[in-house]
1. In what order do S293, S35, S362 fall by count of nearby beta-carbon atoms within 10 Å, going from fewest to most?
2. Which ordering of T304, T104, T125, T215 is given by a fewest-first count of other beta-carbon atoms within 10 Å?
3. Compute the signed sum of charges (Lys and Arg +1, Asp and Glu -1) over the other residues within less than 11 Å, Cβ to Cβ, of I428.
4. Provide K201, K425, K25, K376 in ascending order of the number of other Cβ atoms located within 10 Å of each residue's Cβ, fewest first.
5. Would you kindly state the longest site-free stretch of the chain, with sites defined as GluC sites (Glu not before Pro) in a DSSP loop (not H, G, I, E, B) surrounded by at most 13 other Cβ atoms within 10 Å?
6. Quick one: pull the percentage of alpha-carbon pairs in the chain with a separation above 31 Å.
7. DSSP H helices in the chain with Cα extent of 30 Å or more along the helix axis and mean Kyte-Doolittle hydropathy at least -0.5?
8. Can you list the aspartates and glutamates whose alpha carbon is less than 19 Å from that of K60, not counting same-chain residues fewer than 8 positions off?
Amino acid sequence: MSDTARFIPSLSADEISALQLSGLKWTVAHAFEGSPFYRARLAEKGLAPGDIKDLSDITKLPFTTAQDLQTGYPLPLLSVPEERVVRIHGSSGTTGKRKILTYTQKDIDDWAGMFARCYEMAGLTVLDRVQICVGYGLWTAGAGFQLGCERFGAMALPVGPGMLDIQLQMLTDLGATCLCSTASMALLLGEEVEKQNLRGKLKLKRSIFGAEAHTRKMRQRFEEALGLEHSFDISGMTEIYGPGAGIECEAHEGIHYWADMYILEIIDPVTLLPVAPGELGEMVITSLKKEASPLIRYRTRDMTRLIPGLCPCGCGMPRHERIQGRSDDMIIFRGVNIYPGQVAAVLEKHAELNSEYQIELSRVDGLDHMVVRVEKRPGVAVSGCACDDALATAVAEDIRNQILVRSKVEVLEPGSLPRSFAKTKRVIDSRDKD
Ligand code: ZN
């Protein structure tokens, strides 16, 4: 991070803690005052705003869940009079009604400021031309990228998603230098650029991508195809304004998050207690400045871990790892909590494998067994050769070392596992549920 940072504040750990404490006190008092929902929740625990004296008091506060957003539909968590609300955004709920969140003008301004920090972290300048290829409208994506870009002062090219021909035309004619999209959209564009041999006509240097699961291999592939110097994974969700809650820096060692805007706790999704520093757990968010829909200990269901220590880039904002999956997908195997994303992370380290996998759990004579099926990349080795066994053993050993469970690994030919455009079913659990 340069000394000329305009948007990312330079804060010490102590300064961040002080801002978090004052923001926490403010949020609890504001929610108690403005929201019947929060007031009832806090009262159930016998809590009043004055009970928050220290940052550690956060653990006394009740959790808020996606269920609470559904119950309060259509304007859940609303903590200001309606005349102060200037906008809503919604996200698709995976089940049932969509989540709708409200914004005051100050919330919109705060969000724009947070997002401007993201462009700064990604090394952009006001001379950059930013092609925004994400959804506009009810979704937060388009609005967030756009607001942030304008606040930052670069030139926004608001194309929206899809429309491959227009994307390519804008990329070449307007010479976009930064692409904002999902990873799969970047991949699609990269393939088209190669197919039409347009690489020499592009001025792209960087991309910012997020909003969906991606693999390291996918990322390398689109970086190569589009001739990028860097790509940056951005974080965020509608509940905490939208995208822009954090982003990677050029060191690419995790996502810096704006700890002066929200508190991030990592908890064990079963015991609901904080995990040890650096351990994997569920991300829980408490907003520090949100007016219209403040969050108090909101359970995101996203699994990640905090990265201890200072980033080589010098920015004092703390970091978390990229999202490793959903806590709803957790498996308990021989007393160990496992997330499918952890298996995916192990597989990524093996160049001979593609990113498909399947986990099958069974119980034989009262003992749980795990089979992990993986696929070779096309063109790798010959089937049935001894190297498949060696590869299987190496992967099983890695799983044992990283996730601390024993498994049997089966190496399959490319294309053997079932695929789906929707969410692929990665886990088959045939154990008795009693
Ligand atoms: Zn950094």
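1. Ascending number of Cβ neighbours within 10 Å: S362, S35, S293.
2. Exposure proxy ranking, most exposed first: T125, T215, T104, T304.
3. Taking every other residue near I428 into account, the sum is +2.
4. By the 10 Å Cβ count, ascending: K425, K201, K25, K376.
5. Result for the longest clean stretch: 1-211.
6. Value for the chain (Cα pairs over 31 Å): 45 percent.
7. What comes out of the filter, once short or polar helices are dropped, is 13-34.
8. Straight-distance partners of K60: E33, E44, D51, D68, E265, D268, E282.
Taken together, the values in this text are just the output of simple stated rules run on the coordinates, not laboratory data. Note that this is a predicted model, so its numbers are computed, not measured. Every residue, glycine as well, gets a Cβ built from its backbone with ideal geometry; the counts of neighbours run over all protein chains shown.
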